[in-house]
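Here's the structure we're looking at; comments come further down.
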Amino acid sequence: MFGWNGKILRVDLSRGTSRVEDMPSYLMGDYIGGRGVCARILFDEIDPRIDPLSPANKLIFSTGPLTGSGAPAASRFIVSAKSPLSNCVSSPCCGGYFGANLKYSGYDLLIFEGKSPEPVYVTIRNDLVEINPAGYLWGKVSSETEKAIREDMRTKHGLDNWALNSMGIANIGPAGENLVRFACIMSDGGRAAGRSGLGAVMGSKNLKAVAALGTGQVNIADVDGFRKAVMDFYQEGRDNKELLKRRMYGTWSLPGRANASKSQAAFNFKEGYFEEFVKYEDPEVIRALIRVRDEACFACPFACGKRSRIKNDPEYPLTAKGPEHETMALVGSNCGIGDMLDICRNNYLCNELGMDTITAGAVVSCAMELFEEGHLPEKDMGYPLEFGNRNMFKLLKQIARREGIGDLMAEGGIALAEKYGHPELYMGIKGMGIPAWHPQAFDALGLQYATCNTGGAHTKSTLPFYEGRKDPAYFVEFTKKDQDYIAAADSGVLCWIIYHGPLWGEKLAEWLTYVTGEKYTPEGVNRLGEKIWNLERLFNMRAGITGKDDTLPPRILNEPRVKNRVIELDKLLPQYYRLRAWDEKGIPTKEKLREMGLEKEGTDLI
Amino acid sequence: MKIKIDHKLCTGCKQCEIACSLAHTQAVNPWRSRIRVFIGEEFCLPVIAGPYTEAACNSKGTLMIEGVEVDECVICRASCPAKSVYKEPDTEIPLKCDFCGEPPNPQCVQWCAPNALTLVED
């Protein structure tokens with residue numbers, strides 16, 4: 001088989017058993033891989049109405065046909081389950097080396113079912129799948145967990161430094177164990193499947209970590225064609241200034257850009273400009289301050305990852321990944337914190353404790369506004385928490401461990417804001433915190449956030465920077481196209497960051513064709529992306545999410561905070577639904593579903 | 001000709017491992033590659049497979065590189081019985097870099113986007 005292994009590894013945590021299944025062929029053809037396959041399996045195998053933290057939820061780690069193939073930036077894996085934060089389908093994407101190792105172990109997919117009676121971690125070394133006790137790992141932060149597992153593998157299995165170094169590990173920190181609804185799954189020293197709280201799903205299954213070390217291979221259908229195409233692509237990349245900037249600065253060049261376009265989320269989205277970031281407008285300043293090295297994911301020539309260190313602070317001794325721009329915004333400017341080292345401290349804490357920096361930041365900034373406005377009394381907090389207060393470090397630890405008020409905040413921003421009587425002050429969509437860019441600064445962004453299947457996510461469609469400004473109809477069309485394309489790329493699994501813009505869909509189809517030997521076209525992959533998007537929508541509808549949830553916080557809709565603009569969602573949404581061939585309530589029409597072969601899946605809904 | 005390694009430029013993407021295994025085995029498998037990259041927090045170390053030695057070393061030490069302690073075994077190029085790398089995973093037949101034939105055209109160098117690997121005259 002080319003690209004694929006054609007195998008699913010299914011682990012039943014309740015019984016402590018595992019088995020290997022053949023991958024059904026329709027999954028490979030109709031859903032590309034990764035995110036698409038996850039959407040299909042979730043739809044088929046779980047009741048969308050279940051409690052996401054119950055044993056009935058399934059946790060899927062998925063690769064795609066491109067994972068491990070060496071296609072440039074085919075580095076990522078998808079984790080999927082019903083989200084405990086948004087109650088929607090979720091499919092966060094994570095880089096590092098775990099995905100490739102899962103693939104080289106001989107599996108395309110890893111599905112966890114049920115709930116282990118005791119904490120466990122699972123190791124996968126090709127055919128050898130072991131479920132190991134993890135009681136001694138429970139409570140450990142992410143980096144210590146990885147270290148302890150490597151040490152375990154050394155002593156029990158006699159693996160040498162090279163083997164231990166090649167291994168990929170996905171794990172949860174204390175936040176996941178304590179079922180914090182925005183806990184993430186950490187991997188390989190700072191990568192994260194961040195959004196939508198799947199760390200809590202992993203914690204609810206008593207699964208502390210999964211380690212994979214594969215020594216198998218991926219077969220390429222057209223080896224010569226593939227090698228030549230990669231070389232050509234590298235040649236083009238060498239002169240591409242945008243990509244070179246990515247390698248140099250990652251997302252560190254974005255605070256300057258965001259401030260310039262008045263879209264840097266600040267003070268719980270009250271503002272779109274953050275004075276204290278002016279000193280970081282030259283990314284070289286950040287690079288000089290904290291960078292240790294440029295860090296690539298597996299098979300990525302562009303290395304946008306940045307490893308950083310807070311120099312001379314014994315409380316934060318290790319290097320960390322990032323902070324990325326979203327982190328700088330949500331645990332930085334949006335909380336009124338402007339010192340890069342303090343942002344790094346927040347980033348470090350979130351990573352080690354295993355929490356999504358974006359939603360964690362959104363919840364804390366909501367608490368800060370509640371505190372400043374006098375709705376959240378100091379006696380409940382135990383300390384002052386106005387914007388910019390460094391008590392935030394303490395608060396993050398409390399949330400992850402569910403201590404004091406942290407217990408309430410761990411339930412998410414809606415629970416917090418409702419308790420103190422101001423639900424409108426939480427800047428979230430479907431429960432998930434809004435990312436760094438202030439939606440009011442861009443026409444398309446509010447629509448993208450509001451209609452995203454997984455909640456307020458920035459990686460399921462993105463900003464059309466390179467397109468300049470056009471009329472609303474254009475942005476509605478852009479949003480749909482982008483959502484479909486990224487659903488396809490996430491299924492490849494290809495990191496779309498370097499394949500956006502002019503390369504839309506083309507390269508994805510090209511790599512898929514070389515690797516699998518099947519004929520893919522740009523139109524074809526985008527059409528499959530549309531099918532995946534619709535299937536996810538149907539899952540959400542069955543979970544009780546309706547068109548009414550396609551909305552934005554009142555602040556974004558009604559208060560002109562940036563450029564004196566509001567988002568006219570009531571005008572944009574109907575256009576968007578029409579373009580998707582959905583009815584006025586946001587329900588896919590029968591004709592559309594028939595066209596995509598999803599008629600059966602829509603039964604009773606339409 | 002030789003391959004010069006500048007570990008400070010290495011990003012740890014392992015495209016060299018992919019290029020090598022593709023060139024030598026027509027499939028992708030880092031474990032069949034003649035070059036491997038050791039991922040570190042501060043820097044990554046690409047190491048190219050040298051000749052096979054029949055016995056492992058008696059004494060093993062560590063080296064300091066840029067203030068970081070590195071296992072000597074990791075930067076040693078030899079394929080040896082004590083190491084998991086530079087051998088076919090199934091048959092354990094030792095592997096050695098052959099510069100991808102004559103004249104040398106090492107694929108790892110071709111695929112190294114950050115230019116950590118370069119082909120230089122002796």
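The values are calculated or read from the model by the stated rules, or taken from the named source; none is laboratory data. Remember, it's a predicted structure, so these values are computed and weren't measured experimentally. Note: ideal-geometry Cβ built from the backbone for every residue, glycine included; neighbour counts use all protein chains shown.
Here are the numbers:
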| item | result |
| --- | --- |
| Segment A:423-452, residues that are under 15 Å from A:Arg561 (Cβ atoms), in a loop (DSSP other than H, G, I, E, B) and in contact with a Cys (Cβ under 8 Å, 6 or more places away or on another chain) | A:Met427 |
| Where a residue in segment A:178-197 is closer than 17 Å to A:Ala212 by Cβ and its partner, wherever it lies, is surrounded by fewer than 24 Cβ atoms within 10 Å (Cβ to Cβ) and polar (S, T, N, Q), with Cβ under 9 Å and at least six apart | A:Met186/A:Ser143; A:Gly189/A:Ser143; A:Gly189/A:Thr319 |
| Filter result for B:Ile48 (more than 13 Å from every other protein chain (Cβ to nearest Cβ) and either more than 14 Å from the chain's Cα centre (by Cα) or modelled with pLDDT of 95 or more (or both)) | yes |
| Counted residues, segment A:585-606 - those being part of a loop (DSSP other than H, G, I, E, B) and free of Cβ contacts under 8 Å to residues at least 24 places away in the same chain | 5 |
| Single residue of segment B:9-38 satisfying the filter (surrounded by fewer than 21 Cβ atoms within 10 Å (Cβ to Cβ) and out of contact with any strand residue (DSSP E or B) (no Cβ under 8 Å at 6 or more places or on another chain)) that is nearest to the other protein chains (Cβ to nearest Cβ) | B:Gln26 |
| Within segment A:222-251, considering residues that are within 11 Å of another protein chain (Cβ to nearest Cβ) and among the aliphatic types (A, V, I, L, M), the one farthest from the chain's Cα centre (by Cα) | A:Val223 |
| Those helices (runs of 4 or more DSSP H) lying entirely in segment A:15-121 with at least 1 residues touching a strand residue (DSSP E or B) at 6+ places or on another chain (Cβ under 7 Å) | A:34-45, A:98-104 |
| Condition check for B:Glu41: touching a Ser or Thr at 6+ places or on another chain (Cβ under 7 Å) and part of a helix (DSSP H, G or I) | no |
| Hits in segment A:292-319 - residues which are hydrophobic (A, V, I, L, M, F, W, C) and away from chain B (no Cβ under 11 Å) | A:Ile310 |
| Filtered residues of segment A:158-174 (kept if crowded, with 24+ Cβ neighbours inside 10 Å, within 25 Å of A:Gly139 (Cβ to Cβ) and within 11 Å of another protein chain (Cβ to nearest Cβ)) | A:Gly168 |
| Candidates B:Asp122, B:Asp71, B:Asp90 - the one that is within 13 Å of chain A (Cβ to nearest Cβ) and exposed (fewer than 13 other Cβ atoms within 10 Å of the Cβ) | B:Asp90 |
| Any pair with Cβ under 7 angstrom, 6 or more apart, that starts in segment B:93-118 at a residue that is away from every other protein chain (no Cβ under 14 Å) and at negative phi and ends at one that is among the basic types (Lys, Arg) and assigned to a loop (DSSP other than H, G, I, E, B) | B:Lys96/B:Arg34; B:Cys97/B:Arg34 |
| Considering residues of segment A:62-116 that are β-branched (Val, Ile, Thr) and surrounded by 24 or more Cβ atoms within 10 Å (Cβ to Cβ) only, the residue farthest from the other protein chains (Cβ to nearest Cβ) | A:Val89 |
| Of residues in segment A:184-209 being within 14 Å of A:Gly139 (Cβ to Cβ) and crowded, with 24+ Cβ neighbours inside 10 Å, the one farthest from the other protein chains (Cβ to nearest Cβ) | A:Gly203 |
